[in-house]
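Enquirer: Please read through the structure below; I'll follow up with questions.
The values are calculated or read from the model by the stated rules, or taken from the named source; none is laboratory data. All values reported here derive from a predicted model rather than from experimental measurement. Methodologically, a virtual Cβ is constructed for each residue, glycine included, from the backbone with ideal geometry; neighbour enumeration extends over all protein chains shown. Remember, those area values only see protein heavy atoms, side chains included, never the ligands or the DNA or RNA. Shrake-Rupley method; radii C 1.70, N 1.55, O 1.52, S 1.80 Å.
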Amino acid sequence: MKRVLLTIVALIFAVGITSAQNYMVVNSEKVFKSLADYNKALEQIESLSESYQKQVDTKFAEVENLYNAYMSRKSSLSAGERQQWEQTILSKESEATTLQETLFGAEGELMKRRMELIQPVQQRVFATLESFAKQYGYDLVIDISANPLVLYYSNKVDFTDKIIESLKR
């Protein structure tokens, strides 16, 4: 029984070794950072993000100013006036939060712009990776930039520089 179990484990190990030889390693972060289009897109997104953040900060500063003015006058206001001030403050805060979500949310303007600018570059890189892998007979591409589980790889399976060369042609 032990022999059969050891034989099965050895077979699985042998199959794993032979099939594992058909892979390539790529540092996608290095590939993307080597592309001018990608860097330009990141700069545009950063600039847009800063602009949007200024808009949001301005809205929240208005809310804070309103709140501070309200707090300084609160004791001299009637109940109706206090309620009106509070409604105005809540309304302005809601507007600021809505603006923030519209600009920075998952479906926001910044994310849409990011997709417009970066997705074409990603598609080009992934198409080049796929073409390269098919051309040289690799069945698996491992990204070492995002995988903290890769503890070692041989430089002979790292095709990052060749992918970069291929993209720059």
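Enquirer: Tell me the Kirkwood hydrodynamic radius of the range 80-167 in angstroms, computed as one over the mean inverse distance between distinct C-alpha pairs.
Expert: 17.5
Enquirer: Would you mind checking the pairs K54/K74; K33/K59; K30/K59; K112/K168 and listing those with alpha carbons more than 32 angstrom apart?
Expert: K33/K59; K30/K59
Enquirer: For the range 43-132, max minus min Cα coordinate along each principal axis, in Å, sorted largest first?
Expert: So the extents along the principal axes, rounded to whole Å, are 75, 19, 12.
Enquirer: Among S72, Q44, T98, which residue has its Cα furthest toward the positive end of the charge dipole of the range 27-102, with +1 on Lys/Arg Cβ and -1 on Asp/Glu Cβ?
Expert: It is S72.
Enquirer: Excluding ligands and nucleic acids, what accessible area in Å² is computed for E86 using a 1.4 Å probe, to the nearest 10?
Expert: Here the residue's solvent-accessible area equals roughly 80 Å².
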